[in-house]
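Here is the structure we will look at, set down as structure tokens.
The values are calculated or read from the model by the stated rules, or taken from the named source; none is laboratory data. Just so we're clear, the structure is a prediction, and the values are computed from it rather than from any experiment. Here the Cβ is made from the backbone with ideal geometry for all residues, glycine too, and neighbour counts use every protein chain on show.
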Amino acid sequence: MSHAIKVHQTGGPEVLRWEPITVGAPDAGQVRLQQTAVGLNFIDVYHRTGLYPLPLPFIPGMEAAGVVEAVGAGVTHLKVGDRVAYASVIGAYAESRLIAAERLIKLPDSIDNNTAAAMMLQGMTARYLIRDIYKMQAGDTILVHAAAGGVGLIVCQWAAALGATVIGTVSTEEKAALAKANGCHHPIIYTRENFAARVLEITNGKKLPVIYDSVGKDTFMQSLDCLQPRGLMVLFGASSGPVPPLDLSVLAQKGSLMVTRPALATFIASRSQLEENTADLFEAVASGKVNIYVNQTYALKDATTAHRDLEARKTTGATVLTI
């Protein structure tokens, strides 16, 4: 009998319940996947609390790695025993599951299952942020909020490898050191200094062409003051809470600014987009441009503790729930 974490009502970490589930044979186009590692992401918290509503009950989690156990009719690119990973598919907090084969990517031998589970959602998010939303160029100066987090560390490394100057906000000295060791040229400890004033100082008043913000409410409005005219604000998360309603005329007043609220699913909607994104990510990791740091592991059945630590900002880099 397989087990999974289920959510029957939205709320705090205590609503995560470890329960038995039945997983049948795969239908046409599906595989049955024996999962080995599940990635922990802040979107899991948004689903659990109801900020991003899902029909109840549901199994949370958006990324994992594992081994193909059974293959349904019509599946030709995968076979039993293949190691695979996926992201942006709800239902990952389970020991085994059925999943559409077209959403699975076969893993190269150089990437182990824990690393794969940690890198798919965060790594592909970083990739679309710096290659699709804004095409990073050598000489750009950028701001990354939560620079010591999972996506933040990858963006810092990748942007620095492309020749950008990276400014990042963090909450502690330890996180500042971690960000600096991973491509962040100017870590700002926002609990000690005003990040907007520091950005103006670092850029000699020139400000920035783009800002990547996964924090939301606590950083959004101040971030607008860090952008150049026609600069781009990329809001891709809300760890501090959702951004309040905004009078759009503010964007004109601050220099014809642009704001986007992207989601990974849009950028990997087709099989070709998924393959392009993961190919870039695997190359960046294989070449050493990007290192994936699994800094915390918890047993899947202990997801409640993992969520508490994530929300308390006790984690850095990537966190994996093991099976």
Please go through region 138-154 and pick out each residue that is in a loop (DSSP other than H, G, I, E, B) and surrounded by fewer than 24 Cβ atoms within 10 Å (Cβ to Cβ). ALA138, GLY139, ASP140
Restrict the check to region 252-262 and report whether at least one residue is farther than 30 Å from HIS3 by Cβ, assigned by TED's automatic domain parsing to the domain that holds GLY152, without any contact (Cβ under 8 Å) to a residue 24 or more places away in the chain and out of contact with any strand residue (DSSP E or B) (no Cβ under 9 Å at 6 or more places or on another chain). yes
Within region 215-248, of all residues that are of a type in the set (Val, Ile, Thr) and either in contact with a helix residue (DSSP H, G or I) (Cβ under 6 Å, 6 or more places away or on another chain) or assigned by TED's automatic domain parsing to the domain that holds ASN41 (or both), the one modelled with the highest pLDDT is VAL234
Yes or no: GLY50 of a type outside the set (Ser, Thr, Tyr) and touching a Ser or Thr at 6+ places or on another chain (Cβ under 6 Å)? yes
ASP109 is checked against (1) part of a helix (DSSP H, G or I); (2) without any contact (Cβ under 8 Å) to a residue 60 or more places away in the chain; (3) of a type in the set (Asp, Glu) and fails just one. What number does that condition carry? (1)
Could you run through region 25-47 and say how many residues are farther than 19 Å from THR125 by Cβ and not acidic (Asp, Glu)? 11
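Mind counting the residues in region 19-52 that are under 29 Å from VAL215 (Cα atoms) and touching a residue at least 24 places away in the same chain (Cβ under 8 Å)?
Applying the first criterion (under 29 Å from VAL215 (Cα atoms)) to region 19-52 yields 37-52.
With the extra rule that they be touching a residue at least 24 places away in the same chain (Cβ under 8 Å), the set shrinks to 37-51.
Qualifying residue count, region 19-52: 15.
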